[in-house]
Amino acid sequence: MATLSLKKCLSAAVLVTVSSWGYAGTTVITFDEDTIAGNVVALQHGTVINSQYAALGVNVSVNNKSSGNHYGVLYNTAPGTASPDKNNNRDSDLTGPSWGNSNFNSRNFNAGNALVIQENGTGCGDGVCDQPDDQAGRRSDGLAGYVTFNLDFTIDALGFDLIDFQTNVGAGEVEKSEVMLFDNALKVQSFKFSDFVNRPNGAMFGENSINRIFLDSFASTNVNKVKFKIFGSGAVDNLRLTSTDTGSTTTVPEPGTLALFGLTLLGMLRLNRIK
């Protein structure tokens, strides 16, 4: 079976997603090749993520509650040890294609980089960790930590991928983990990962799993912070932030999406001429 690229799929799907939801704009962060301030930025395995997406109005912070290494780090899910993506064969549970459980139509695709709470601080001082690895939950309660996305705009819908979160394990990875939505400092809503199992196209968690989640109904119209509380280990990927606020900074960063939009406009112009 041919291997599919998630990045390419997102490029083609973002415009459809925005159209079907009826929203003003969507910021998509793939953690692979993202357009930032008009430039395509390719991020490598081991990159420490913090302010790279500030130009998109997105700032990332991590609070590691287990080892104290407060790094959000990219993990390349494609197997291999060649430079510059060294030591990305440390965790087979984060490796694809040929994933385990998935709510995708196909489990055979390249997910590229995903964001993890970094377990160690080895070589991270230069901004690229030498041994990227997802943090295991602390022994007392299984909590690994928090990944927070602070936004310069408000959102009405949210999408993301969850990689290698398992049910019925000691850390309570799915049962305890949650995504929380904030209106400034006030938490207005939260969703347990276990809530996603019984939704339409429900998540199928498990070892080496990958699941795509869409949340399109919020309790507040002013959500400007998204915070993941992660138990056990796992990764977050392909963040999609959608907003109806036309005054906010929203971007569709994938070049393929812009090309589709251009073709659509061209087709509309030709139809008008025929009329």
Next item on the list: Answer with one residue from Tyr146, Trp99, Ala136: the one whose Cα lies farthest towards the positive end of the charge dipole of the stretch 54-181, charges on Cβ with Lys, Arg +1 and Asp, Glu -1.
Entry: Ala136
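With +1 on the Cβ of every Lys and Arg and -1 on the Cβ of every Asp and Glu, and nothing else charged, how large is the dipole of the stretch 131-186 about its Cα centre, in debye rounded to the nearest 20?
Dipole about the Cα centre, nearest 20: 260 debye.
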Notebook entry, point to check: Gain in length, Ser92 to Ser190, computed as 0.36 nm per residue apart minus the alpha-carbon separation, to one decimal in nm?
Noted result: 32.3 nm
Note to self: Show me the ranking of peptides 52-65, 174-187 by mean Cβ neighbours inside 10 Å, starting with the highest.
What the structure shows: 52-65, 174-187
Notebook entry, point to check: Of the peptides 40-48, 130-138, how do they stack up when ordered by the mean number of other Cβ atoms within 10 Å, highest first?
Noted result: 130-138, 40-48
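The numbers here are math on the coordinates, done by the rules we state, and not lab data. Note that the structure is predicted; figures quoted are calculated from it, not measured. Because the Cβ atoms are built from the backbone with ideal geometry, glycine has one as well, and the counts that use them run over all protein chains shown.
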